[in-house]
Amino acid sequence: MKPLVFRFTLRRHRTLLTGLLACLLGGLAIAAQAAEPPTYQDWNDLMRNAPPAPQPRPEWRRTPEGVPPVKNLGHEKDLLSGEVRSRRVDPVPALLARPGSVEGFPGELESSADAGAPLEGPAAATAGTHRSVPAQIQATPPGPSYYVRDYPWRTIYKLVMRFGNWWYVCSAETFDGFHLMTAGHCLYNFDPNRDGNTSDQQWADEVWAFPAQTDLITPSGEADQPFGEARATLLRSWSCWTVDADWDCDWGFVTLDRPMGDRVGWMGRAWGVEEPNLNYSGYPAETPYVPAGTLVQYPGYDAGNGHDYNDFRIPMYAYTYGGHSGGPVWRYVDGNRYILGTNSTSDRNGNAEATRYTTDEENYFSTSSTTDQTERPPQWLVDLGEEFYYYETPLKGLSTPVVGRRGEIAFDYNVVNNGWAASGPVTVDFYASWDTNITTGDLYLGSASLGSLAAYNYVHAGMQLRLPSSVSPGQYYVGWIAGAGGEYGGMNYCGGARADCNNYGVIADLLTVTTDSGFNWTVTAAAGGGGGISPAGAQTIEDGWTASFSLTPDAGYVIDAVSSSCGGSLAGSVFTTDPVHADCSVTASFVQQPDDVVFADGFD
């Protein structure tokens, strides 16, 4: 066992709102029964195929045109109890009523200096008032970024949310040790079933967060989650969002069940600053703007892309797409990052808007964080998964890619504890699968028992297994499911014994099983005097198969016994060995049949 060390969306003017109607996020939500937790297959499908959270229609906005929102009431949903409540937000302290900022924290991890990491764009020399920028720029479409394990990219999350039977995706960014900021419509949605009306508006029923998700480790198309996952326990937003559908209030605040932010860090925050050179990122999932099944971040930057600021919105010349919502918009100055807003709306044609971070959000979110420290502090949980640190050299692979039936295979595997507590004894079950989704319904190969994994540690081990007779000739993926008792503190989040979320790994190289095992053994048969055995002598038997022999006594003899180092049983005059896994021998013995008994009087 080695320690893990890491080196390492449009409202330019109110009249443009109607243009968004043609750009509402496309695709069908993935239905799932609320009472049934997602399986591995479900999670993979959700990561690849769940559509972005729907945006509200402009006509649903209840705040009168030109009237600023009143941000003095917060709404929240407790995901543990299901309770929905309101909480009064006190006026902004005098200290916050002027431009200001809060410094970020790069997290507990070291930098890895990834050569493929995206580059940030610098801030302008001065960042004053940019409410009118005369020259419109041509925005540069963002591109995929796979190397996101470094700060600040690792502070950006993919969210997966369930509203009733409907699943969607969004983005988020770290606020502090166990809180996230995101868009309000990612947490409270006005039309989750997409039927065009608000009768089904509701809070999300569950929210999962995955920092720095990427797709580097083979097999491709499977979400890599180098820091594991966290689950939301409390959701917050402004009442001017949940009641009035006012995009000026399109903010959400997420309380996590574990201190993920302490590990990955967070960017700073600033208010009262109007920066023309803005960075943005998130996890878009909207086709055709990104390929179907996209799993990675799409960061963007252009000098002069921020323009026409108002008190609550940041118009941008930028391409953002469904799924970018909730991702950060920030300025990069003197080596520091300051979040100025969160992605909110877009026309998908080079014009986007972020909801601006103001003194109201800083006050509401900071006081909420302080409350949570007492009322629902983060838990020190175990979180098993697959190790993704060695992007270029995965700690897994087949040593025997081709093997015969019932042959022996050798491979490397790994298990990581991304959590904050020791795991206790870990059991790893190995399977052969027709696809890359490893489940307990696949062909079971065997198990390994590991010791306890310390927090944020992994084990890399080799394994040798003999294929059972249930594995027929064909091609298979070899994978594993790891489990430990009490992984989520007694809360079975994902359902099933050792079926918690992303506790599985799979080797990308296919295992080819042929009809010939490649492992043959010699069975030698012989008979003593008084009879014969057929076939006699040495014969070759494929590993795992049995051998049968016919015993024929000579005249006046009967079968006495069969001595076999192969195991087996005698039925009548046929002896059948047990499945053969080594060289062995069979020896038959015979005895003379007794003469008829003649009594003294001469009668039989």
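The values are calculated or read from the model by the stated rules, or taken from the named source; none is laboratory data. This structure is a prediction, so every number in the text was calculated from the model and none was measured. All Cβ positions, even for glycine, are placed from backbone atoms using ideal geometry, and neighbour counts span all protein chains on display. The accessibility values were calculated without ligands, DNA or RNA, using every heavy atom of the protein model including side chains. Shrake-Rupley method; radii C 1.70, N 1.55, O 1.52, S 1.80 Å.
General observations
- Residue in the range 264-275 that is out of contact with any strand residue (DSSP E or B) (no Cβ under 9 Å at 6 or more places or on another chain) and not in a strand (DSSP E or B) present: no
- Residues in the range 183-203 that are open to solvent by less than 10 Å² (accessible area, probe 1.4 Å) and out of contact with any Ser or Thr (no Cβ under 8 Å at 6 or more places or on another chain): Asn189, Pro192.
- Listed by first and then second residue, the pairs linking a residue in the range 63-81 that is small (Gly, Ala, Ser) to a residue that is open to solvent by less than 30 Å² (accessible area, probe 1.4 Å), with Cβ atoms under 7 Å apart and 6 or more places separating them unless they lie on different chains, are Gly74/Val89; Gly74/Arg236; Gly74/Trp238; Gly74/Ser239; Gly74/Tyr364.
- Within the range 140-152, the only residue that satisfies the criterion of being aromatic (Phe, Trp, Tyr) and in contact with a Pro (Cβ under 7 Å, 6 or more places away or on another chain) is Tyr151.
- For the range 208-254, taking the residues that are buried (at least 24 other Cβ atoms within 10 Å of the Cβ) and hydroxyl-bearing (Ser, Thr, Tyr), the one that is farthest from Cys170 (Cα to Cα) is identified as Thr242.
- Boolean, Lys77 is modelled with pLDDT under 80, charged (D, E, K, R) and under 31 Å from the mean Cα position of the chain (by Cα): no
- Where Pro141 falls short, out of the listed (1) at pLDDT below 90; (2) open to solvent by 50 Å² or more (accessible area, probe 1.4 Å): (1)
- Enumeration of residues in the range 52-107 that are surrounded by 11 or more Cβ atoms within 10 Å (Cβ to Cβ) and of a type in the set (Gly, Ala, Ser): Ala53, Gly74, Ser86, Ala97, Gly100, Ser101, Gly104, Gly107
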